[in-house]
Structures are given as C-alpha cells and as structure tokens.
Amino acid sequence: MALSNKTGVFICHCGTNIAGALDVHKVVDASRALPGVAYAADYKYLCSEPGQQLILDAIKEHGLKRIVIASCSPRMHEITFRKMLKKSNINEYLLEIANIREQASWVHTDFDKATEKAIDLVRMAVAKVGKSEPLKAQAIPITKRALVIGGGIAGIQAALDIADAGHEVVLVERECSIGGRMVMLDKTFPTLDCSACISTPKMVDVSAHPNITLMTSSEVEEVQGYIGNFKVKVRKKATYVNHDICTGCGLCEEKCPFKVESDFDRGLSKRPAIYKLFPQAVPAKPVIDKDACVKLKTGKCGVCLKICPLNCIDYEDEDKTVELDIGAIVVATGYKPAKWQSMYNEYGAGRFEDVIDGLQFERLVNASGPTEGKIKRPSDGKEPETVVIVKCVGSRDPKKGHAYCSRACCMYAAKHAHQILEKLPGGRVFIFYIDIRTPGKGYEEFYDNTRKDGAVYVRGRISRIFREGDTLVCQGEDSLLGRQVRINADLVVLETAMEPAEGSADVLNMLGCAKNDDGWAQEAHPKLRPVETQVGGVFLAGVCQGPKDIPDTVAQASASAAKVIGLLNKDEMETSPMIAAVAADKCSGCGACEPICPYTAITLEKTPDREPGTGKKIERSVANVNAGLCQGCGACTVACRTGAIDLLGFRNTQILQEVDALWQ
Amino acid sequence: MAVDYEPKIIAFCCNWCTYTGADLAGLNRMKYPENVRVVRVPCSGRVNPQFILRAFRRGADGVMVCGCHPGDCHYSTGNYFTRRRFMLMRELLEFNGIDPRRFHARWISGSEAAKFRDTVTEVTQLIRSLGK
C-alpha cells in the first residue's frame with residue numbers, strides 16, 4: 001500500500017461531556033507526537049456543521065490522508081463522519097473513531113487517569129488507521145416486499161401504511177384471525193371509543209388491500225439472508241377447513257358438539273372445536289382446533305363434515321411451508337398478560353373465581369363478551385356491588401414479578417373504574433396503587449374525572465385476599481393514612497403486567513435481534529433509533545419493544561412502516577464493505593473456513609494456477625467469499641491456517657497494531 | 001505487590017453486545033476503573049488467539065474477550081467458536097507459564113451495562129491482586 005500516513009487527529013469536546021472530565025489539550029498535544037500524525041486539533045462539537053467543516057478544511061490545508069476522530073462512540077457518529085469524508089478526497093474507510101466519551105470521560109472520575117486513557121485510545125486508533133485501506137461499498141438489490149410478524153394493531157397499522165405506499169406486504173399471524181389484544185378490549189381510554197369499532201374496520205382494510213397477503217394460522221419458521229434479501233419460511237398450519245370455498249356461514253360452529261374454554265374470552269366462556277376467534281374475525285372463516293376436535297383425535301364424530309353445505313371440511317389437511325423473498329421485516333409480536341397465579345399466592349393463586357385479571361374484565365364488560373357487557377361475577381353471575389382493583393400486579397415488583405412499569409395499567413384501571421361506576425349504579429370501586437402515572441394527552445383529566453365519579457384511590461398494596469361467605473376480603477395497607485384496611489369485595493380485578501408474547505424470544509433469536517433482560521426487543525438506540533434493531537432491515541412495532549398503550553403502539557407502527565418504505569423505495573442499497581477477503585495466493589484450499597461461516601458465504605472454487613517448479617497448468621481449490629452473503633463477522637479469519645482469509649476493516653494487522661500501540 | 005500498581009488490561013469487545021453494553025454504561029454514567037482499553041471487533045469469534053498472545057507478549061497484565069451471550073450472537077454462531085477456542089486458550093496460557101486468571105472470556109449483552117461495569121471492576125481487582 002503506497003498510501004501516505006499523514007493522519008489528522010481531531011478531538012471533540014462534546015460540550016463539557018468530554019472536555020469537563022479530561023484534559024482535551026493534553027490529548028491534542030500527545031496526538032501531535034504520535035507517529036504518522038501530521039495534524040491535531042480540537043473543537044467543541046465536531047459532529048456539528050462547523051465542526052465537520054473544520055475537519056474538511058484541515059484535510060485540504062494539510063493534505064491529510066487518514067483521519068482519527070476522538071469523540072463519542074463509533075456506534076453514534078461513525079456514519080456521520082463517513083458521510084462527511086465523502087465530501088473530501090479521503091476514502092470514508094480511512095477513518096477511525098477513538099471513543100473517549102463512553103469509554104473515558106463518562107465512566108471515570110479521575111481527571112488525569114481519564115486523560116491518560118483517552119491518549120491511549122487515540123494512540124490505538126492512529127495505529128489502526130495507519131493500516132487501513134480504502135474500501136468501496138457494494139450495491140445489493142432490494143426485494144420490494146415486507147414481512148410483518150404479528151397481526152395485532154401494531155402489525156395491522158404497519159402493514160396498511162406500507163401497503164398504502166405501494167409495496168407488497170405479507171402479514172403473518174399465528175392465531176386464526178388478526179386483531180390481537182386490541183379487539184379483546186371493550187372501550188379504550190381516554191376517549192372511551194369502542195375498541196372493536198375502531199379496530200375491525202382496519203382489519204377489513206387489511207383483508208381487502210390489494211398489496212397485502214394475509215397469512216393467518218401461520219408462523220414464521222426460519223429466516224435467512226440479510227437486509228433487502230431475506231429468505232423466509234412460513235408454516236401455514238392446517239386449518240382443516242378449505243377457506244377457498246368456505247363462506248363462513250357458521251353452521252359448523254353451531255352444530256359442533258364439543259366445547260372447550262375460549263382463550264379469546266380468557267376462559268370465561270366456551271367455544272366449539274371448530275370456531276372463529278370472535279364474530280368479526282378476519283378472515284371470517286372457521287378453523288378446527290386439532291387439540292379439541294374429537295374427530296381428529298379419535299376418528300369418531302364428523303358432524304361438521306356432514307353439516308357443511310359446501311363440503312369445506314378436510315380432516316386430512318396438513319401444515320404447509322411457504323417460502324418468501326422479503327426485503328424488510330417488521331416485528332410486531334406484542335405481549336401477554338403476566339401469569340399472576342404463579343406469582344401471587346396471597347391473591348389466591350387462581351383458587352377464587354372472582355379474582356380476575358384486567359383482560360378478563362375487558363371481556364366481561366364487552367358487549368360481545370360472554371355476559372354481553374353486563375358485569376357479573378364469574379362464580380355466581382351476580383352483579384358485584386363492591387369492586388377492588390389492584391394495580392401493579394407483576395409490575396414494579398422485582399421480588400415477585402418485574403421491575404418495569406407496564407405503563408398502560410394506570411389508565412385502564414381508571415377506565416375500568418369508570419365503567420364499573422357507569423354500569424353498576426350504587427357500586428363502589430377501590431383502586432389500590434403505588435403511584436398514579438398518567439402522562440398523555442387527556443389522560444390526567446380522565447383519571448381526575450374517575451375520582452370525581454366516586455372511585456376511591458387507596459395508596460398501598462393488597463397483602464392478602466381470602467374468602468368470607470360469598471365475599472372476598474381484601475386486606476392491605478393505606479400507606480397515606482398509615483393503617484390497615486379491610487374491604488369486603490364482590491369482585492377483584494388485578495391489573496397485571498405485560499410480558500413479551502409467548503414465543504417472541506424465538507422470533508427475535510431467529511432474526512438475530514437482541515432483547516433486554518425482561519425479554520423486550522432491543523431497539524438500535526433508545527432515543528434516536530427507536531424502531532430499528534441492530535439487524536439491518538428488521539424493525540420493531542408496538543409492545544414487543546416494551547410496554548405501551550394503543551396510541552403509542554400505532555405511532556410506533558407507522559414510524560416502523562416509514563422506515564420500511566424508505567428502504568423499499570430504493571432499488572438497491574450499499575452494503576458494508578467490511579467483509580471477508582481471500583488472498584488467493586496464500587489459500588491452501590483446506591476448506592476450514594467453509595463450515596464455520598454462519599451465512600454459507602464461503603465456497604471452495606476451482607481456480608486455474610500453475611504448479612510450483614514445473615509451471616504446469618493446474619486447477620486448485622481456493623476459498624471464495626460471496627459479498628452479498630458475508631456479514632463481516634470474521635469467524636473464518638480465525639479458522640484459516642495460512643492467514644489467507646482476512647476481514648476488511650478489521651484486518652489482523654490492524655488489530656495487532658492496536659494492541660502493539662498500547663505498549664509503544 | 002505494590003498497592004499503587006495499575007495493571008493495563010486489554011478487552012476485545014464485540015460490536016453488537018459488549019461494546020454496546022459499555023456504551024450504555026457510559027450513557028448511564030456508571031463508574032469503573034480506568035485500567036481497561038477496549039478494542040472493538042465485529043464479533044468475539046473474530047478474536048484470534050494470536051491477538052491475546054501478542055497482548056501478553058507486549059506486556060498486558062490481563063486480557064478479556066467479551067461477546068454476546070451464547071445463543072444471542074449477532075452472527076448466530078460466532079460466540080460458540082469463541083467459547084470453545086478460549087477453553088483451550090486457558091490451557092495454552094497455563095502451559096506457557098501465564099496465569100490463566102489473567103485471561104477472561106465473558107458474555108455481556110448490549111443491555112447489561114451494570115454487568116460490564118462489574119466485570120471490569122472485578123477483573124481489574126483480581127489482576128491487581130495478582131501483581132506484575
């Protein structure tokens with residue numbers, strides 16, 4: 001490489017974030033003395049426009065060939081500065097970032113030691129960039145089709161937005177209907193509009209949209225590939241009903257003799273073995289629950305086949321796997337309510353029928369629910385007079401449940417109180433809370449009105465619930481008054497924590513997306529890249545990223561869709577050139593790199609060569625890297641016995657230079 | 001064993017988990033000893049045992065390799081190789097007369113800022129106690 005090492009070092013103050021915790025001028029002076037450094041300077045905010053201009057001017061003025069920027073994490077602004085270098089005559093990969101903010105000024109208190117460390121970090125970056133080489137990004141084509149995983153309100157909104165922008169969308173939902181949790185709800189805070197009335201039209205839009213392919217009763221099974229070029233396998237589970245002919249007349253559902261607990265009604269009602277999830281289901285066609293159907297289990301029954309006027313029933317139906325080419329993926333897998341029964345023995349652990357969770361209450365109060373909207377106790381069907389609502393069941397309780405706040409509960413607890421007071425004249429509601437959190441447009445006002453309506457808020461936790469006659473005694477503490485309270489309740493509603501949906505970990509693992517300790521999907525940046533993940537082409541929508549309410553979910557879904565549309569609008573995109581490269585002359589063709597590659601990007605290929613000594617024409621095996629498939633992990637470089645395969649941007653020599661620099 | 005002895009430790013951190021976790025530690029203004037110098041690598045599976053030997057040869061008092069938790073690798077399988085390689089690495093170090101307690105392979109995810117701080121603190125203390 002005949003490139004000169006005229007390196008320019010630029011040290012950012014980041015306001016006082018860096019300059020306040022270490023001696024920037026000492027770092028500048030030390031940088032000037034480093035081998036290869038031709039120029040060093042500092043500035044208050046290098047990422048700002050004048051900051052970038054300062055660097056560009058210095059490049060011109062001093063004829064710099066390589067750049068080191070000592071600033072925040074490269075995960076923050078490496079791309080910013082690469083873009084800046086495109087305006088200069090320096091290749092954007094002849095840049096190294098020394099992370100003196102996250103790695104030094106923010107985490108150390110000793111001024112001198114932090115300065116010393118920052119100098120070391122600059123020294124390492126200067127040494128590494130000295131061995132960097134110009135790289136050129138390659139263009140890869142983009143498949144203009146998006147996959148949305150999960151058909152709740154987040155998935156529905158994202159799918160509709162992407163489809164409206166003119167791109168194809170495949171929406172995959174594992175249940176037999178889309179709608180998710182939102183269609184289970186009765187009314188939604190703070191405006192009290194009916195949940196079904198605002199979500200079912202969107203569901204119909206999905207099924208009618210020419211750009212959307214809806215795959216219900218389906219699960220994503222395998223994801224291969226990379227941004228713009230995913231290969232996805234979706235398993236279409238057997239429904240035993242031919243949906244091409246079925247009109248959804250509902251005769252089979254009426255006549256099916258076997259009933260099981262309805263998941264949709266949260267166990268408060270029964271449904272037949274051949275069923276639609278709920279009356280407004282989309283698609284509006286039934287499926288057979290193979291675990292409940294006696295015909296499928298024992299071969300004896302067959303009522304639905306006999307009754308079906310169109311002969312849609314097919315007991316021989318099998319799962320099918322569909323392969324899809326996908327350009328971008330939206331994860332919208334949602335949540336499940338926490339299983340409080342196994343967390344809170346003191347609340348009866350599920351022994352008392354009249355201790356229900358918030359989602360069960362939604363079904364009870366819902367006009368299309370098991371009681372047609374009449375609030376009745378599950379045990380005896382009586383209207384309750386006194387209702388106790390307990391918040392933070394599983395949330396904000398790291399000992400028994402989770403440390404996090406589930407965010408929507410304060411508001412839906414207020415909504416539940418409002419509904420009880422509205423539907424049960426003379427009824428009483430007590431709400432036990434830790435804090436009341438109602439940030440949101442119109443939220444505080446809603447909560448305030450609930451209090452004026454007569455809901456009694458008691459600060460404290462319920463410590464025990466037990467039965468006395470046909471009431472449930474709720475014993476707890478009023479921590480404002482500092483005394484014990486006992487309330488004889490007819491019904492207890494536990495507002496349970498949200499937890500990542502069943503199987504969401506599998507989906508995230510399949511996609512290679514990170515999750516936090518609680519299992520929520522990790523966004524690429526908590527503030528600036530809230531809907532992106534670390535995996536290119538994979539975006540997040542809704543609660544899968546963390547608890548949130550419907551307005552936030554919908555907003556995030558649209559944001560996610562905007563990202564997808566931005567990607568799919570391009571015909572091709574640049575990929576990172578930091579991938580594996582083979583020095584053919586060093587490669588012995590042993591093939592050790594081939595099985596280690598997680599992307600099957602390496603293949604051995606016959607290459608013409610001459611035999612050493614004789615000069616005879618021969619063919620030999622040489623490893624070949626597929627630039628489209630290689631993701632640049634570098635696992636192959638370690639497996640290579642001859643050092644023939646190396647990782648561009650992270651070459652062996654570059655990393656060794658960094659190591660050596662520390663002891664120069 | 002001098003009390004004021006400050007070991008120099010080099011940590012190879014994968015870009016997707018541990019480096020992110022370290023960034024998060026910064027974002028949360030967590031404090032830890034200054035002794036660790038981080039080398040960013042795309043994956044812990046990129047770390048060639050040669051890098052570690054070179055660090056010890058140059059005078060590193062300790063070396064860490066940190067990556068995503070097994071099963072959570074950004075590149076699906078990279079850290080499985082890391083795990084196997086560095087089981088052997090410890091034996092190789094011992095064979096060469098280097099105290100294997102000076103070498104640590106740890107799994108720290110992008111959200112485990114506190115674990116990054118704690119690991120760095122703990123390893124620094126351990127290596128300080130091992131002396132020069």
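The values are calculated or read from the model by the stated rules, or taken from the named source; none is laboratory data. If you're wondering where the values come from, they're calculated on a predicted model, not measured in any experiment. Every residue, glycine among them, receives a Cβ derived from its backbone with ideal geometry; neighbour counts consider all protein chains shown.
If we keep just the residues of the stretch A:74-89 that are surrounded by fewer than 22 Cβ atoms within 10 Å (Cβ to Cβ) and over 29 Å from the mean Cα position of the chain (by Cα), which is nearest to the other protein chains (Cβ to nearest Cβ)?
Here the answer is A:85.
I'd like to check which helices (runs of 4 or more DSSP H) are fully inside the stretch A:144-255 and have at least 1 residues that are over 30 Å from residue A:447 (Cβ atoms) and of a type in the set (S, T, N, Q).
Correct list: A:195-208.
Condition test on residue A:71, is it assigned by TED's automatic domain parsing to the domain that holds residue A:49, in contact with a Cys (Cβ under 7 Å, 6 or more places away or on another chain) and either in contact (Cβ under 8 Å) with a residue 60 or more places away in the chain or surrounded by fewer than 20 Cβ atoms within 10 Å (Cβ to Cβ) (or both)? Break it down into steps so the answer makes sense when it comes.
On the way: assigned by TED's automatic domain parsing to the domain that holds residue A:49: yes; in contact with a Cys (Cβ under 7 Å, 6 or more places away or on another chain): yes; either in contact (Cβ under 8 Å) with a residue 60 or more places away in the chain or surrounded by fewer than 20 Cβ atoms within 10 Å (Cβ to Cβ) (or both): yes.
Yes; evaluated as a whole, the condition is true for this residue.
Kindly indicate whether any position in the stretch A:127-136 is in a strand (DSSP E or B), over 30 Å from residue A:198 (Cβ atoms) and at the interface with chain B (Cβ under 10 Å from one of its Cβ atoms).
No.
May I ask you to list the residues in the stretch A:486-515 that are farther than 30 Å from residue A:375 by Cα and in contact (Cβ under 8 Å) with a residue 12 or more places away in the chain?
If the condition is that a residue be farther than 30 Å from residue A:375 by Cα and in contact (Cβ under 8 Å) with a residue 12 or more places away in the chain, then A:503, A:504, A:505, A:507, A:508, A:510, A:511, A:512, A:513, A:514, A:515 are the ones that fit.
State whether the residues of the stretch A:504-513 include one that is aliphatic (A, V, I, L, M), surrounded by 16 or more Cβ atoms within 10 Å (Cβ to Cβ) and away from chain B (no Cβ under 14 Å).
no
Output the residues belonging to the stretch A:475-496 that are within 38 Å of the chain's Cα centre (by Cα) and not acidic (Asp, Glu).
A:476, A:479, A:491, A:492, A:493, A:494, A:496
Are any of the residues in the stretch A:291-305 closer than 24 Å to residue A:267 by Cβ, of a type in the set (Lys, Arg) and touching a Pro at 6+ places or on another chain (Cβ under 8 Å)?
The answer is no; no qualifying residue exists.
Please identify the pairs in which a residue from the stretch A:298-310 that is in the same structural domain as residue A:253 (by TED's automatic domain parsing) has its Cβ atom under 9 Å from the Cβ atom of a residue that is among the acidic types (Asp, Glu) and part of a loop (DSSP other than H, G, I, E, B), counting only partners at least 6 apart or on another chain.
A:305/A:314
Name the one entry in A:394, A:373 that is small (Gly, Ala, Ser) and modelled with pLDDT of 95 or more.
A:394
Looking at the stretch A:183-196, can you tell me whether even one residue there is surrounded by fewer than 19 Cβ atoms within 10 Å (Cβ to Cβ) and in contact with a Leu (Cβ under 8 Å, 6 or more places away or on another chain)? Give the derivation first.
Looking only at the stretch A:183-196, we keep the residues that are surrounded by fewer than 19 Cβ atoms within 10 Å (Cβ to Cβ), and these are A:191-194.
From the residues that got through so far, the ones that are in contact with a Leu (Cβ under 8 Å, 6 or more places away or on another chain) too are none.
No, there is no match, as no residue in the stretch A:183-196 is surrounded by fewer than 19 Cβ atoms within 10 Å (Cβ to Cβ) and in contact with a Leu (Cβ under 8 Å, 6 or more places away or on another chain).
Each row is one residue, and each column tells you yes or no for (1) of a type outside the set (Gly, Ala, Ser); (2) touching a helix residue (DSSP H, G or I) at 6+ places or on another chain (Cβ under 9 Å); (3) over 12 Å from residue B:86 (Cα atoms).
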position: B:39; (1), (2), (3): yes, yes, yes
position: B:45; (1), (2), (3): no, yes, no
position: B:49; (1), (2), (3): yes, yes, no
position: B:57; (1), (2), (3): yes, no, yes
position: B:60; (1), (2), (3): no, yes, yes
position: B:63; (1), (2), (3): yes, yes, no
position: B:71; (1), (2), (3): no, yes, yes
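Take residue A:166 and tell me if it is of a type outside the set (S, T, N, Q) and either assigned by TED's automatic domain parsing to the domain that holds residue A:29 or crowded, with 24+ Cβ neighbours inside 10 Å (or both). Give the derivation first.
Details: of a type outside the set (S, T, N, Q): yes; either assigned by TED's automatic domain parsing to the domain that holds residue A:29 or crowded, with 24+ Cβ neighbours inside 10 Å (or both): no.
Taking the combined requirement at face value, the residue does not satisfy it.
How many residues does the stretch A:606-622 hold that are surrounded by 14 or more Cβ atoms within 10 Å (Cβ to Cβ) and out of contact with any Gly (no Cβ under 7 Å at 6 or more places or on another chain)?
Matching residues across the stretch A:606-622 total 2.
Only one of A:528, A:511 is more than 12 Å from the chain's Cα centre (by Cα), closer than 21 Å to residue B:21 by Cβ and not basic (Lys, Arg); which?
Selected residue: A:528, the only one of A:528, A:511 that is more than 12 Å from the chain's Cα centre (by Cα), closer than 21 Å to residue B:21 by Cβ and not basic (Lys, Arg).
Given (1) outside any helix (DSSP H, G or I); (2) within 11 Å of chain A (Cβ to nearest Cβ), identify the lone condition not met by residue B:64.
(2)
Where the second residue is in a helix (DSSP H, G or I) and of a type outside the set (Val, Ile, Thr) and the first is touching a residue at least 40 places away in the same chain (Cβ under 8 Å) and under 14 Å from residue A:413 (Cα atoms) and lies in the stretch A:436-450, which pairs have Cβ atoms under 8 Å and are six or more apart or on separate chains?
Taking only residues 6 or more apart or on different chains, the pairs are A:443/A:411; A:446/A:411; A:446/A:414; A:446/A:415; A:446/A:418.
Any chance the stretch A:491-498 includes a residue that's of a type in the set (Gly, Ala, Ser) and at pLDDT 95 or above?
yes
Regarding the stretch A:401-421, can at least one residue be identified that is in contact with a Lys or Arg (Cβ under 7 Å, 6 or more places away or on another chain), surrounded by fewer than 20 Cβ atoms within 10 Å (Cβ to Cβ), touching a residue at least 24 places away in the same chain (Cβ under 8 Å) and at positive phi?
The answer is yes; a qualifying residue exists.
Quick check: anything in the stretch A:101-120 under 27 Å from residue A:664 (Cα atoms) and away from every other protein chain (no Cβ under 13 Å)?
no
Is the stretch A:48-55 home to any residue that is touching a Ser or Thr at 6+ places or on another chain (Cβ under 6 Å), more than 14 Å from chain B (Cβ to nearest Cβ) and either within 22 Å of residue A:136 (Cβ to Cβ) or at pLDDT 95 or above (or both)?
There is no residue in the stretch A:48-55 that is touching a Ser or Thr at 6+ places or on another chain (Cβ under 6 Å), more than 14 Å from chain B (Cβ to nearest Cβ) and either within 22 Å of residue A:136 (Cβ to Cβ) or at pLDDT 95 or above (or both).
Among the numbered conditions (1) outside any loop (DSSP other than H, G, I, E, B); (2) facing chain A (nearest Cβ under 9 Å); (3) buried (at least 20 other Cβ atoms within 10 Å of the Cβ); (4) not small (Gly, Ala, Ser), tell me where residue B:50 comes up short.
(3)
Residue-by-condition table, conditions (1) in a helix (DSSP H, G or I); (2) closer than 19 Å to residue A:15 by Cα; (3) assigned by TED's automatic domain parsing to the domain that holds residue A:44:
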| residue | (1), (2), (3) |
| --- | --- |
| A:61 | yes, no, yes |
| A:76 | yes, yes, yes |
| A:108 | no, yes, yes |
| A:114 | yes, yes, yes |
| A:123 | yes, no, yes |
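For every residue, the table says whether it meets (1) over 22 Å from residue A:123 (Cα atoms); (2) within 7 Å of chain A (Cβ to nearest Cβ); (3) out of contact with any strand residue (DSSP E or B) (no Cβ under 6 Å at 6 or more places or on another chain); (4) assigned to a helix (DSSP H, G or I).
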position	(1), (2), (3), (4)
B:25	yes, yes, yes, yes
B:31	yes, yes, yes, no
B:55	no, yes, no, yes
B:72	yes, yes, yes, no
B:88	yes, no, yes, yes
B:118	yes, no, yes, yes
B:125	yes, no, yes, yes
B:129	yes, no, yes, yes
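Return the residues of the stretch A:467-503 that are within 30 Å of residue B:75 (Cα to Cα), of a type outside the set (Asp, Glu) and out of contact with any Gly (no Cβ under 7 Å at 6 or more places or on another chain); say none if nothing qualifies.
Scanning the stretch A:467-503 gives A:498, A:503.
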